[in-house]
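Okay, so here's the structure we're looking at.
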Number of protein chains: 4
Amino acid sequence: MAEFKSFGSDNHSGVHPDVLKAIALANAGHQWAYGADSVTHSAIELFRSTFKAPVEVFFVFTGTASNTLAIRSTCRSFEAVVATTIAHINEDECGAPEYNTGCKILGFPAVNGKLLPSVIEGLRISPTDNHRVIPKLVSITQATELGTVYSPDEIRALTKAARARGLLVHMDGARLANAAAHLGCSLSELTTDVGLDVLSFGGTKNGLLCAEAVVFFRKDLAESFAYIRKQSMQLASKMRYLSSQYIPYLADELWLKNATAANAMAQYLRQKLLMIPGTSVPWETDANEVFAILPKEWSERLQKAGPAYPWDVQTGLIRFVCSFDTTREDVDRLFI
Amino acid sequence: MAEFKSFGSDNHSGVHPDVLKAIALANAGHQWAYGADSVTHSAIELFRSTFKAPVEVFFVFTGTASNTLAIRSTCRSFEAVVATTIAHINEDECGAPEYNTGCKILGFPAVNGKLLPSVIEGLRISPTDNHRVIPKLVSITQATELGTVYSPDEIRALTKAARARGLLVHMDGARLANAAAHLGCSLSELTTDVGLDVLSFGGTKNGLLCAEAVVFFRKDLAESFAYIRKQSMQLASKMRYLSSQYIPYLADELWLKNATAANAMAQYLRQKLLMIPGTSVPWETDANEVFAILPKEWSERLQKAGPAYPWDVQTGLIRFVCSFDTTREDVDRLFI
Amino acid sequence: MAEFKSFGSDNHSGVHPDVLKAIALANAGHQWAYGADSVTHSAIELFRSTFKAPVEVFFVFTGTASNTLAIRSTCRSFEAVVATTIAHINEDECGAPEYNTGCKILGFPAVNGKLLPSVIEGLRISPTDNHRVIPKLVSITQATELGTVYSPDEIRALTKAARARGLLVHMDGARLANAAAHLGCSLSELTTDVGLDVLSFGGTKNGLLCAEAVVFFRKDLAESFAYIRKQSMQLASKMRYLSSQYIPYLADELWLKNATAANAMAQYLRQKLLMIPGTSVPWETDANEVFAILPKEWSERLQKAGPAYPWDVQTGLIRFVCSFDTTREDVDRLFI
Amino acid sequence: MAEFKSFGSDNHSGVHPDVLKAIALANAGHQWAYGADSVTHSAIELFRSTFKAPVEVFFVFTGTASNTLAIRSTCRSFEAVVATTIAHINEDECGAPEYNTGCKILGFPAVNGKLLPSVIEGLRISPTDNHRVIPKLVSITQATELGTVYSPDEIRALTKAARARGLLVHMDGARLANAAAHLGCSLSELTTDVGLDVLSFGGTKNGLLCAEAVVFFRKDLAESFAYIRKQSMQLASKMRYLSSQYIPYLADELWLKNATAANAMAQYLRQKLLMIPGTSVPWETDANEVFAILPKEWSERLQKAGPAYPWDVQTGLIRFVCSFDTTREDVDRLFI
């Protein structure tokens, strides 16, 4: 595939050169293992300044792990997660949350990819009916699985509703960078400032090699995480090679540069798609994903030109994802 | 710590430059995710030629994951693992095997770090007594947790005994390279040829950045592994950065060069330690680990000179581990 | 509460005298434990003649266990259960299926309490997409959670659709007796004859003390059940006191007598309720449960007269359940 | 088997007539389900007066469940249980504790069936080493699996040692009644007074039909137990038939009468066995179990006369268990 750029997913792209440089830089002599090294300390400090809060940060290997362990550290097995039915945790992680935590995911319909505060307000929660699981954690995805973005006010409304019902709030931030780039917000404005409890901060989809961070905004929630991470097979021995990736990502705002570039190409692609007569784009393209229903002939042609993901075979909905290194030429090539 | 070399563990060392080069080389354009890329295909082919068998190979992130998922793919929850009490799976993985598989580990005393065939022969196995778990998988560690090495004949005796009782055999090969280097054997002579069913083939402790491989010698045992790996949060999206590490490792015999170097330094260190009057070295130094009980003064002094691991506080037993990049000067510096 | 009969649930009623007699009869001297006793052998033979098939039968303690272990014995952790959102396994078992099996339950809308074959036909099943769980088991409830009943043809349509997609079919038969009584069918006509794979055959809600049976129509599915039952803490040591309950239940058709009586009272209650102006009964009363939306004044009055279950606080829907020992006088008393 | 009494296990015997009477008495009209009934309230009050403490009590179905859920409610998955290798939880529950809690059991050698305080004192406990599970709960069996009995002082020494290391203490009291009968102690003297945290109080082996109780001496440890019990499939709907069994058991001291009778017969049997030349009885017969190594001819003869359990085929050690209804004639019959 290496000859052309893929629009199939943002994990088809590679690693930003600055990230490889940071890894090479971290490769100096011996270091303590398991996160006791100086690189990891520096990375954690960068998280604290970036999120403008004394967050607890733990690096893990995959987005699925990041989400699952966020659940495992906040919910007991008889407590449940409230999410949209299309949430990554509900549909795309092979049941990892249920298998690894025992917790049930309560799926609710998404509106434009988003969970509505009214869902939280309407939850049936009994503190004594032990026949039902107890809703405990609200999980939202930013940007959503449909490429739309929650505004800070929308998140605030959700965290407020959650707080009122005694629930915690988790954000699957696999594409948080793209959301922030779209909104022109800082990362802290979309997390710390809106009352989040725990964040899965993705990196791999935005130019990192392989690194995800679980970020706790409440120290008490992180108390057992070191054990949970080890027992769930997510503790890297040579941690510096995970943590170092976040150094240019945060210190040099690589997260923003990469996300801005990917988002811009998604806008450009959207415009090009809309020029095809008969094309429908069912919702906004806030981040780096474009969803479109195309005339059959174009659908086949575009998928041949570069891989894209057939989101819904029934309706013909196709997902195109732009990466940090997608160029105008890559988009144009789709239409030649 | 970066100024000096550690003897605390072989995961204190960094990444061999050839491995970083292979990663950089893999970073060319877009590739399919989740292992469908050409780099991963090449790496798997290298495993097949190296192990001289049509093995099924899956890359995961940690040694704990590699061992745990080998168990999960061969044992049902009511089947048990037979290992030494000092096995890494029994003592050093925070209960990950039990937590993630439900399986019990039956621990037996190690002799020179090794499991004896008589343990297998003496197992109480009933096919109908459902009050007891059913022994199903024998797990041995090569090189052992004590730095000793099983000979091919010793492994053959174990796999034969296991076969006779209807058991499968797993090898925790976190330091298999060091064992092979010590014995002058090829990797296949220590695995394929001696009747192994599944191998956790380590890399991280021998100069890789972060890559472990689960290698199945029986296709049927691997049937569900793709699902198990995903559900257990061990599926890398950008797989090429894991698999590429194994390319110089296998193609250029980097495994052998690194392991030979580390082993040699362990021998050199052992000789130096034995020159201290009153030192006792309780067993052979076959691989890259030296265990010694030292006079108190020397014990403190050596641990100050460079980190080493206090294996047993009671007896004063200290473990020194040499890495692929440990030099004579590094060893000498301990004694200055 | 003992002074009046409850309509809150059919587990508010007690034990049929014949069942207590059977238990007392089983209490003769010593017997082998764990199911190797003669009473259990007789009970199992009765199941085989009743279901007209060489079924494998295992007694457990609760309906939740019966359902959960049926799942555990047919699905691997990455395989999923297809059910209605209102299924007992989905809503009323405190997440026991997920916790004890790791499996995900895929919930689909119920129509009149029932799962439709079109749901099965429309399932997205990929044998290789390891990001999604694999649908494996269809689970239906007979009588449904809403008191409606699947006809044999309706079940046949479901098992046929399931077979066509490679799925197994489980029936939560907590109230199978009531369904059979309603339809005038034998138990085998509703299970063996319509292609069921595994049945949770309830007893406790229909006059037994505490006994549920997991019935396998395919021997191979039951292969590990003895171990699964023990490991899941459902193996009774003095098994004869569980199995003996099924002896009058099956041999004397107590299941039918009890269910017929309960169903008749539900019909009688339904007629009485419909005489209250403004009452709406949203669906058929096939079995022993009546659902009604009542005028506020009547709703309060009836719930005061004898406990009934407020099914949906929003809509005011109330559930009344009749038991094997509910009498016309008990129903009449509600309206005095 | 019904013609003769078994010495194979105390669950080969049946139900004491008083217990059946209590069950029949509880069978009066309708009652709230799931433990909200008046019988269960009374039973719980009896526990509080018997144990002379405001204990929290929960009824479950099996001893394995009672032990496993005691662990599940006191240990997180990365915390471990300290027990003897021969503990029922370690050897005889098909891995239920590990499967259902994820926790590791750390097995230590038993001395006369007992765990020694020195084991607790010598535990390696690190609050930060997340590679190892954290010992959290000490579990002892009273009477032990070998039929010996801990004195109150012995238990006190264990709870004191545990407290000093920050550990909780659980007692598997499957045969606590027999221990108390032997010692002439009240139940509270062996539990409340010696600093126990949680007790699995057995009944089934001592004349009940099927009832075990988890008794918490610390309210906070019981906080989530209602959910844990339901999710672990141990919540009886018609709870009164479990709880009622404990009413004669505690109110009329049936536990003591039954246990005293069984213990006396074990003493009588022991004397008879010791009269056989060449017999060796390797430890005290404190409770209702006699262990003996017999001359081959006698071994075969006695096992033919009435089932007994071949404890260790290698050494020829046989276990004889006396039940509440074992008579002198039953014992004598063995020797005819």
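The values are calculated or read from the model by the stated rules, or taken from the named source; none is laboratory data. This structure is a prediction, so every number in the text was calculated from the model and none was measured. Because the Cβ atoms are built from the backbone with ideal geometry, glycine has one as well, and the counts that use them run over all protein chains shown. Quick note on the areas: whole protein, heavy atoms, side chains included, nothing else; ligands and nucleic acids left out. Shrake-Rupley method; radii C 1.70, N 1.55, O 1.52, S 1.80 Å.
Need the full-extension length gain, D:Arg301 to D:Ile336, defined as separation in residues times 0.36 nm minus the C-alpha distance. One decimal, nm. Let's see the in-between values first.
Values: separation 35, 0.36 × 35 = 12.60 nm, distance 0.96 nm.
Going from the current span to full extension adds 11.6 nm.
Counting only other chains, what is the mean number of Cβ atoms within 10 angstrom of the Cβ of each residue in peptide D:84-96?
Working: counts 0, 1, 0, 0, 1, 0, 2, 6, 4, 8, 19, 15, 12.
Neighbouring Cβ atoms belonging to other protein chains average 5 per residue here.
Just counting partner chain Cβ atoms within 10 Å, what average do the residues of peptide A:18-29 show around their Cβ? Working shown, then result.
On the way: counts 0, 1, 5, 1, 0, 6, 6, 0, 4, 8, 3, 10.
Per-residue shielding by partner chains comes out at 4.
Can you pull out the buried accessible area for chains B and A, both sides counted, probe 1.4 Å, rounded to the nearest 100 Å²?
Approximately 4600 Å² gets buried when B meets A.
With each pseudo-label sitting 7 Å past Cα toward Cβ, what's the C:Thr315-C:Ser38 distance in nm, one decimal?
5.4 nm
In the stretch D:104-119, what residues drop by 50 Å² or more of accessible area when the other protein chains are put back, versus the chain on its own? Use 1.4 Å, and skip ligands and nucleic acids.
D:Lys104
In chain C, what is the volume of the convex hull around the alpha carbon atoms, normalised per residue and reported in Å³?
Roughly 133 Å³ of hull volume per residue.
Less than 23 Å apart at the alpha-carbon level, and either on another chain or at least 8 residues along: which lysines does that give for D:Lys296?
Cα-Cα hits under 23 Å: D:Lys5, D:Lys272, D:Lys304.
Mean shadow of the stretch B:202-329, computed from the convex hull of its alpha carbons, in nm²? List each step's numbers first, then the result.
On the way: hull surface 43.3 nm².
Its Cα hull, projected and averaged over all orientations, spans 10.8 nm².
Which percent of the accessible heavy-atom area of the protein assembly as shown goes to carbon and sulfur, probe 1.4 angstrom?
Values: 24710 of 44570 Å².
Carbon with sulfur: 55 percent of the solvent-accessible area.
Partner chain Cβ atoms within 10 Å, averaged over the residues of C:58-70 - can you pull that number for me? Write out the running numbers ahead of the final one.
Numbers: counts 0, 0, 2, 11, 7, 2, 8, 5, 1, 1, 3, 1, 0.
Mean shielding count: 3.
Place a point 7 Å from Cα of D:Ile125 in the direction of its Cβ. Which residues in the stretch B:303-335 have their backbone N less than 19 Å from it?
B:313-314, by backbone N distance to the label point.
Rounded to the nearest 0.05, what FRET efficiency is calculated for C:Ala24 and C:Trp283 with R0 set to 35 Å and r the Cβ-Cβ distance? Working shown, then result.
On the way: r = 41 Å, r/R0 = 1.18.
So, using R0 = 35 Å, E works out to roughly 0.25.
Between the label point of D:Ile276 and that of the same position in each other copy, find the distances and list them shortest first in nm, with every label point placed 7 Å from Cα along the Cα-to-C-beta direction.
5.9, 7.2, 8.7
Given H placed 1.01 Å from N in the peptide plane, which residues other than close sequence neighbours of C:Thr84 have an amide H under 5 Å from its amide H?
Here the answer is C:Phe108, since their amide H atoms fall under 5 Å of that of C:Thr84.
Placing the label point 7 Å from Cα along the Cα-to-Cβ direction, what are the distances from D:Gln314 to the equivalent spots in the other copies, shortest first, in nm to one decimal?
2.2, 6.2, 6.4
I'd like the antiparallel share, as a percent to the nearest 5, of DSSP beta bridges with both residues in the protein assembly as shown. Write out the running numbers ahead of the final one.
Values: 77 of 145 bridges.
Counting DSSP beta bridges with both partners in the protein assembly as shown, the antiparallel share is about 55 percent.
Express the relative contact order of the stretch C:18-251 as a whole percentage, based on alpha carbon pairs under 8 Å and six or more residues apart in sequence. List each step's numbers first, then the result.
Numbers: 436 pairs, mean separation 73.3, N = 234.
That works out to 31 percent.
Return the residues of the stretch D:128-174 for which accessible area with all protein chains present is lower than in the chain on its own by 50 Å² or more; set the probe to 1.4 Å and exclude ligands, DNA and RNA.
Listed in order, they are D:Asn130, D:His131, D:Arg132.
So if I place +1 on the C-beta of Lys and Arg and -1 on the C-beta of Asp and Glu, and nothing else carries charge, what would the dipole magnitude of the stretch D:253-326 be about its Cα centre? I want it in debye, nearest 20.
Value, rounded to 20: 240 debye.
With springs only between Cα atoms under 10 Å, which of D:Asn27, D:Asn288, D:Asn130 fluctuates most in a Gaussian network model of chain D?
Result: D:Asn130 has the largest fluctuation of those listed.
How far, in whole Å, is the closest Cβ of chain A from the axis that maps A onto B, and which residue does it belong to?
A:Phe61, 2
As a test of reading the structure, rank B:His170, B:His16 by solvent-accessible area (1.4 Å probe, protein chains only), most first.
Details: B:His170 0, B:His16 35 Å².
Reading off the accessible areas and sorting them downward yields B:His16, B:His170.
What residues of the stretch C:187-226 lie in the reach of a label at C:Ala251, counting those whose backbone N is under 17 Å from a point 7 Å from the Cα along Cα→Cβ?
C:208-209
How far, in nm to one decimal, is D:Phe4 from itself in the other copies if the label point is set 7 angstrom along Cα toward Cβ? Shortest first, please.
When each copy's label point is compared with this one, the spacings are 5.8, 7.6, 8.4 nm.
With a cut-off of 8 Å between alpha carbons and a minimum separation of six or more residues, what is the relative contact order of the stretch C:254-334 in percent? Don't jump to the answer; show the numbers that get you there.
Values: 115 pairs, mean separation 28.6, N = 81.
That works out to 35 percent.
Any lysines with Cα under 21 Å of the D:Lys219 Cα? List them, leaving off those in the same chain fewer than 8 positions away.
The qualifying lysines are D:Lys52, D:Lys136, D:Lys160, D:Lys230.
Counting helices only, and only those DSSP H runs with n ≥ 4, report the 222 nm mean residue ellipticity of the protein assembly as shown as the sum of -39,500 (n - 2.57) divided by its residues, in deg cm²/dmol to the nearest 500.
On the way: 56 runs with 504 residues, N = 1344.
Taken over the protein assembly as shown, the calculation gives -10500 deg cm²/dmol.
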